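Data block below; observations after.
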Amino acid sequence: MRKLSEGLDPEQEAAFEEAAYVVIKARQQAAERLERAGIHIDLDPSPFAAHCSARLPAPPPNRFCGCPAYRGDGGPCINRFTDFDAPDFGEGPSQRPCRHPPSAHIIAP
Ligand SMILES: [Zn+2]
Ligand SMILES: [Zn+2]
């Protein structure tokens, strides 16, 4: 898949990440609004969630980050989450930081 930000100069790239962050915040607000109203959307992925779709380096190939929600202030995501899809080294599911930019959290894999 082509990166959304491909071919942008550094200034445009910064604008792109800022725009992605605006989308993420709007989705979080939307999700909170639904929660307050007691509405549960059980679509997976939810249109209001900001899952991370960054591709991880192999092995194994074609694995996506899967971070469930962006956390941070516009920079790399600081969320840590339990990675149930990680290769099993016999230690159970591992905790993994996301560290991907906002733009990785606005498009479905
Ligand atoms: Zn993340
Ligand atoms: Zn990620």
### Query
Rounded to the nearest 500 deg cm²/dmol, what is the calculated helix-only ellipticity per residue at 222 nm for the chain, with -39500 (n - 2.57) per DSSP H run of length n ≥ 4?
-9000 deg cm²/dmol
### Task
Name the long-range amide H neighbours of SER94: under 5 Å, sequence gap of 5 or more, or other chain; modelled H, no Pro or chain starts.
ASP83, ALA86
### Query
At each listed q (0.09, 0.15, 0.16 Å⁻¹), what is the log10 of I(q)/I(0) that the Debye formula gives for the chain modelled as equal alpha-carbon point scatterers?
-0.26, -0.70, -0.79
### Residue order, fewest to most beta carbons within 10 Å, for GLU11, GLU32
GLU11, GLU32
#### Entry: Environment charge of HIS51, counting only residues whose C-beta is closer than 11 Å and scoring Lys/Arg +1, Asp/Glu -1
0
### Message
Going by amide H atoms built from the backbone, whose H comes under 5 Å of the H on ASN79, apart from near neighbours?
### Response
ARG71, CYS98, ARG99
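None of the figures in this text is laboratory data; all of them are computed from the coordinates on show. None of the values given here were measured: they were computed from a predicted structure. Here Cβ is always computed from backbone atoms with ideal geometry, including for glycine, and neighbour counts include all displayed protein chains.
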